[in-house]
Amino acid sequence: MRRRAAARRAFTLIELLVVVAIIAILISILLPSLSQAREQAKAVVCASNQRSLMTAVLMYTDRHNGHFPTVGYHHSGTAANERELSWVLQMVQEAGRDRKIARCPSDRSTLWPPDSDRALEEMGQLPPPAPGEVVRQTSYASNGYTVFPIISETFIYDRLSTIRWPATTAYFVELADGRPFQGLSAQANADRRLNAGADHVHAERWHIPANPRLKAAEEIEPDQHRNGSNYGFLDGHVERLKFEQTMLKAADYRVFQPTFLFNKFDPAIAR
Ligand SMILES: [Zn+2]
């Protein structure tokens, strides 16, 4: 009797293998949804970052006669960088937050500097990068239309009062991370790497070639998150959009007389 009871209490090898197999199956079912949940959480943090930065930009315009913050990090990380002018540090301070809010948790760029450099920079003790050296400053970039007199002297969108449709005019985009983007030429990918160190994008150039999405990908990450990337709008809200939802050419589009069904970067037609 005693021997039979002992035998019943032990697991056979087969039973153990079945238990292990069931656990393995459960893990394989749960892991993808766990990683989806993690991705979704990152996208939410990113949107929250952009919302804080957007609020900071609007507070800044309030104190600067309606003017938007300017830019200071040029493409290619040249010695001409004017870090103190860039919106990056100014808006982080304005928002009363640390530099992390300028970084998207899904950003996979390999061009971020070590934290020790960041500390030196914040004390004004970091020498500017050597020409051609790309240093990533931010995951987000301001829309060039709001910085430069783009189309002609009569169309300048550097103040909030010149924006007719703030709720549909994008201010922040997710900046290209500098890694090669599928479909771009070697030259375009080289430019993309340089653009990863800037703090603004030239959205005014995206409508010129046949494929705006591919042209924009030289400067932005159009698919940073699932279902697109986050865009910060000038009424302060942030929206996750596929690139095709930000600009669409009309069927009768002509290069020298561009017609758009919508273009959320160009304040003239951003409605
Ligand atoms: Zn993001």
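The values are calculated or read from the model by the stated rules, or taken from the named source; none is laboratory data. Keep in mind that this is a model prediction, so the values were computed, not measured. Cβ atoms come from the backbone with ideal geometry, glycine included; neighbour counts cover every protein chain shown.
Would you pick out the residues in the stretch 240-258 that are closer than 15 Å to Trp206 by Cβ and modelled with pLDDT under 90?
Listed by number, the residues that qualify are Met247, Leu248, Lys249, Tyr253, Val255, Pro258.
Restricting to the stretch 178-216, name every residue that is among the acidic types (Asp, Glu) and out of contact with any helix residue (DSSP H, G or I) (no Cβ under 9 Å at 6 or more places or on another chain). Let's see the steps before the verdict.
First pass over the stretch 178-216, keeping only residues among the acidic types (Asp, Glu): 191, 199, 204.
Residue satisfying the conditions is Asp191 alone.
If Ala198 satisfies every condition in (1) crowded, with 24+ Cβ neighbours inside 10 Å; (2) within 16 Å of the ligand (Cβ to nearest atom) but one, which is the exception?
The number of the failed condition is (2).
If a residue must be more than 16 Å from the ligand (Cβ to nearest atom), among the charged types (D, E, K, R) and out of contact with any helix residue (DSSP H, G or I) (no Cβ under 8 Å at 6 or more places or on another chain), how many such residues does the stretch 86-141 contain?
Summing the residues that are more than 16 Å from the ligand (Cβ to nearest atom), among the charged types (D, E, K, R) and out of contact with any helix residue (DSSP H, G or I) (no Cβ under 8 Å at 6 or more places or on another chain) in the stretch 86-141 gives 3.
Tell me the residue from Pro32, Pro69 that is more than 16 Å from the ligand (Cβ to nearest atom), of a type outside the set (Val, Ile, Thr) and not in a helix (DSSP H, G or I), please.
Numbers: Pro32 fails: not in a helix (DSSP H, G or I).
When all the criteria are applied, what remains is Pro69.
Cβ-Cβ under 8 Å, sequence separation 6+ or interchain: first residue in the stretch 38-50 and in contact (Cβ under 8 Å) with a residue 60 or more places away in the chain, partner near the ligand (Cβ under 10 Å from one of its atoms) and of a type in the set (Lys, Arg). Which pairs?
Ala43/Arg240; Ala47/Arg240; Asn49/Arg103
Which condition breaks for Arg108 when tested against (1) under 15 Å from the mean Cα position of the chain (by Cα); (2) among the basic types (Lys, Arg); (3) assigned to a helix (DSSP H, G or I)?
(3)
Residues being in a loop (DSSP other than H, G, I, E, B), surrounded by 18 or more Cβ atoms within 10 Å (Cβ to Cβ) and either of a type in the set (S, T, N, Q) or within 10 Å of the ligand (Cβ to nearest atom) (or both): count how many of those fall in the stretch 211-230. Let's see the steps before the verdict.
From the stretch 211-230, those in a loop (DSSP other than H, G, I, E, B) are 211, 217-219, 221-224, 226-227; that's our starting set.
Applying the additional criterion that residues be surrounded by 18 or more Cβ atoms within 10 Å (Cβ to Cβ) yields 217-219, 221-222, 224.
With either of a type in the set (S, T, N, Q) or within 10 Å of the ligand (Cβ to nearest atom) (or both) added as a condition, the list becomes 221, 224.
Residues in the stretch 211-230 being in a loop (DSSP other than H, G, I, E, B), surrounded by 18 or more Cβ atoms within 10 Å (Cβ to Cβ) and either of a type in the set (S, T, N, Q) or within 10 Å of the ligand (Cβ to nearest atom) (or both): 2 in total.
For the stretch 22-77, name all the residues that are aromatic (Phe, Trp, Tyr) and under 16 Å from the mean Cα position of the chain (by Cα).
Filtering the stretch 22-77 for residues aromatic (Phe, Trp, Tyr) gives 60, 68, 73.
Once the filter is applied, which keeps residues that are aromatic (Phe, Trp, Tyr) and under 16 Å from the mean Cα position of the chain (by Cα), the stretch 22-77 yields only Tyr73.
Suppose we filter Val45, Val57 for residues that are in contact with a Pro (Cβ under 9 Å, 6 or more places away or on another chain), part of a helix (DSSP H, G or I) and away from the ligand (no atom under 16 Å from the Cβ); which single one remains? Steps first, please.
Working: Val45 fails: away from the ligand (no atom under 16 Å from the Cβ).
Testing whether each residue is in contact with a Pro (Cβ under 9 Å, 6 or more places away or on another chain), part of a helix (DSSP H, G or I) and away from the ligand (no atom under 16 Å from the Cβ) leaves just Val57.
Please pick out the residue among Ile29, Ile23 that is at pLDDT below 90, β-branched (Val, Ile, Thr) and more than 19 Å from Leu241 (Cβ to Cβ).
Details: Ile23 fails: at pLDDT below 90.
When all the criteria are applied, what remains is Ile29.
Tell me whether the stretch 156-165 contains one or more residues that are among the β-branched types (Val, Ile, Thr), modelled with pLDDT under 80 and either crowded, with 17+ Cβ neighbours inside 10 Å or outside any helix (DSSP H, G or I) (or both). Talk me through it step by step, then tell me what you get.
Here is the first cut: in the stretch 156-165, the ones among the β-branched types (Val, Ile, Thr) are 156, 162-163.
Among the residues that remain, those that are also modelled with pLDDT under 80 are: 156.
Among the residues that remain, those that are also either crowded, with 17+ Cβ neighbours inside 10 Å or outside any helix (DSSP H, G or I) (or both) are: 156.
Yes - at least one qualifying residue is present in the stretch 156-165.
List pairs: first in the stretch 237-261 and in a strand (DSSP E or B), second at pLDDT 75 or above and hydroxyl-bearing (Ser, Thr, Tyr), Cβ under 9 Å, 6+ apart or cross-chain?
So the pair list comes out as Val238/Ser48; Val238/Tyr231; Glu239/Tyr231; Arg240/Ser229; Arg240/Tyr231; Leu241/Ser229; Leu241/Tyr231.
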